[in-house]
Amino acid sequence: MDEDQYRATYKEMNPTRCYFEKLLLLRYGNCEQAKKLFLAEREAFACNSENAQQQCLQLIERLRSNARFSLQVTQVNGPLPHAKEIKVQVGGLFGLQQLLSNQNLTQTDILHDDDIKFGEQSQNHAPIENVFAIINRAIREYNDLDSIPYNEIVKAIINFKLPERKRRKKK
């Protein structure tokens with residue numbers, strides 16, 4: 001299956017795609033509204049609720065926009081390049097969770113290398129407990145998504161570090 005065919009089939013099978021899919025695929029968190037799908041031996045996530053999906057879209061757009069300068073991106077018209085999108089999704093949600101819990105937003109050690117495993121066992125170590133619940137708690141606490149102090153959350157986005165990739169040794 002070529003990539004264009006895959007994308008077309010993906011959009012057809014997953015009309016309510018999860019906007020925090022990278023976070024979920026990398027096992028950094030969970031979401032009560034997420035439903036796992038399999039397509040062409042790949043994992044994907046759909047959202048069980050159109051309302052939840054719209055809340056997530058609004059939040060991810062605000063996170064991208066507010067992190068634009070610190071990520072050295074001039075315009076944000078959708079998803080960012082892969083690594084920067086992961087920083088926004090994981091760092092942004094982790095920062096929001098930390099903000100709501102009055103914890104340090106500059107903590108960079110989200111997961112230890114031993115915790116970063118593929119498979120269901122890594123969900124026990126996922127630092128982001130429930131994406132949907134975090135967003136709803138933020139809306140309750142700040143009255144809406146626009147009132148969240150994004151300048152504080154950007155600190156967590158900046159400080160989030162992806163684990164070092166293990167490179168193969170050349171022979």
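The values are calculated or read from the model by the stated rules, or taken from the named source; none is laboratory data. Everything numeric in this text was worked out from a predicted model, so none of it was measured. Heads up, the Cβs are rebuilt from the backbone with ideal geometry, glycines too, and the neighbour counts pull from every protein chain shown.
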What pairs come out if I take residues in the stretch 31-42 that are more than 22 Å from Leu93 (Cα to Cα) and pair them with residues that are in a strand (DSSP E or B) whose C-beta lies under 9 Å away, six or more apart or interchain? Leu37/Glu43; Leu37/Ala44; Leu37/Phe45; Leu37/Ala46; Phe38/Ala44
Looking at the stretch 63-73 only, could you name the residues that are more than 12 Å from Ile157 (Cβ to Cβ) and assigned to a helix (DSSP H, G or I)? none
For a quick check of your reading of the model, give me the residue pairs whose first member lies in the stretch 70-96 and is over 14 Å from Leu26 (Cβ atoms), whose second is at pLDDT 85 or above and surrounded by fewer than 18 Cβ atoms within 10 Å (Cβ to Cβ), with beta-carbon atoms closer than 8 Å and at least 6 apart or on different chains. Ser70/Ile158; Thr74/Arg68; Gln75/Arg68; Val76/Glu61; Val76/Ser65; Val76/Arg68; Gly95/Glu152
Find the residue count for the stretch 42-93, including only residues that are of a type in the set (S, T, N, Q) and out of contact with any helix residue (DSSP H, G or I) (no Cβ under 6 Å at 6 or more places or on another chain). 10
Please go through the stretch 88-115 and give me each residue that is at pLDDT 90 or above and in contact with a Leu (Cβ under 7 Å, 6 or more places away or on another chain), ordered by number. Val88, Gln89, Val90, Gly92, Leu93, Gly95, Gln98, Leu99
